[in-house]
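In what follows, a single structure is set out as structure tokens and then discussed.
Only the coordinates and a few stated rules stand behind these numbers; no lab work does. Everything quoted here is computed from the prediction, not taken from an experiment. Note that we place each Cβ from the backbone using ideal geometry, even for glycine, and neighbour counts take in every protein chain shown.
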Amino acid sequence: MRTYQIAPSILSADFARLGDEVRAVIDAGADLIHFDVMDNHYVPNLTIGPLVCRALKPHVSVPIDVHLMVTPVDALATEFAEAGAAVISFHPEASAHVDRTIGLIHEHGCKAGLAINPATPLDCLDHVLDKLDVVLIMSVNPGFAGQSFIDEALNKLALARKRIDAMVARTGREIRLEVDGGVKVDNIGAIARAGADRFVAGSAIFGSGDYAKTIAAMRAAIARAE
Ligand code: DX5
Ligand code: ZN
């Protein structure tokens, strides 16, 4: 049986009250905290680094899901592992040696994910899927919260789901299929049907008045889609 996880992205939280926001969204039912790291180089925006991850860690009772939108990757991946990340995902275009970066993340005791941009083919999973813990399908171009879901991501999720199921049947290792960008209550059912089992949502949750109500509505929409 598939289990589904909701990962609120703190990019849309009130940064002046970040500790309170993270506690509130965990109380509201978040399964992970999604932590978007942007460097104004790989993506045209600048956000938060390992210092903030380390500061939040004592307030977070669920895994921290770090999404690195930075280049180079390796030094920051190490710093985030030491700052308390449980999962670290990165973009293949941003690392000179993708297999080495995956190994480095594992050596530091974290789960490793590959984040796949809208125009990046799934071929980047060839030869590394057996080592990955997460495939992160980007349903927007990375860089900003509040963008619209790109529908082609549904086809891509379905193809990624087939690859993952075949790999899990072969190795027995768990691989999560995460989706990130433009996820809302009204499209999450279709996204689940396409095969995703971990859903990042920023503006849909933090932009709503009632985090618990929104997360519950997302879970209900997923259950209806099953
Ligand atoms: C986009 C980020 C996302 C973003 C999602 O580059 O990786 O995690 O915060 O925000 P929404 O859910 O508003 O699209
Ligand atoms: Zn993200």
(message) Rounded to two decimal places and with Rh computed the Kirkwood way over Cα pairs, what is Rg over Rh for region 45-133?
(response) 0.96
(message) Cα atoms only: what Rg and Dmax, in Å, come out for the chain?
(response) 16.0, 47
(request) Any chance you could check the Cα centroid distance between region 154-218 and region 66-130 for me, in angstrom? (result) 19
(message) With equal scatterers on the alpha carbons only and no solvent term, can you work out the Debye log10 of I(q)/I(0) for region 116-164 at 0.26, 0.29, 0.31 1/Å?
(response) -1.03, -1.19, -1.28
(request) Using only alpha carbon positions, build the gyration tensor of region 110-198, then give the equivalent ellipsoid semi-axes as the square roots of 5 times its eigenvalues, largest first, whole angstrom. (result) 22, 14, 11
(request) Please get the size of the charge dipole for the chain, origin at its Cα centre, with Cβ charges of +1 on Lys and Arg and -1 on Asp and Glu, quoted in debye to the nearest 20. (result) 560
(request) Kindly point out which whole DSSP H helices in the chain project their C-alpha atoms 27 angstrom or further along the helix axis while averaging a Kyte-Doolittle hydropathy of 0.0 or above. (result) none
(message) Order 60-68, 184-192 from most to least packed using the mean count of other Cβ atoms within 10 Å.
(response) 60-68, 184-192
(message) With n ≥ 4 as the cut-off for DSSP H runs, can you work out [θ] at 222 nm for the chain, using -39500 (n - 2.57) per run divided by the number of residues, rounded to the nearest 500?
(response) -10500 deg cm²/dmol
(message) So if each residue of separation counts as 0.36 nm, and I subtract the Cα-Cα distance between GLU152 and GLU79, what length gain in nm does that give?
(response) 22.9 nm
(request) Apply 1/(1 + (r/R0)^6) to the Cβ-Cβ distance of ARG170 and LEU18, taking R0 = 35 Å, and write down the FRET efficiency to the nearest 0.05. (result) 0.25
(message) Ignoring solvent entirely, what values of log10 I(q)/I(0) come out of the Debye formula for region 157-226 at 0.16 Å⁻¹ when each Cα is a single scatterer?
(response) -0.58
(message) Please give me the summed charge of the neighbours of ARG100: other residues whose Cβ is under 12 Å from its Cβ, Lys and Arg +1, Asp and Glu -1.
(response) -2
(message) Suppose a student asked you for the relative contact order of the chain, using Cα pairs under 8 Å spaced at least 6 residues apart; what percent would you report?
(response) 20
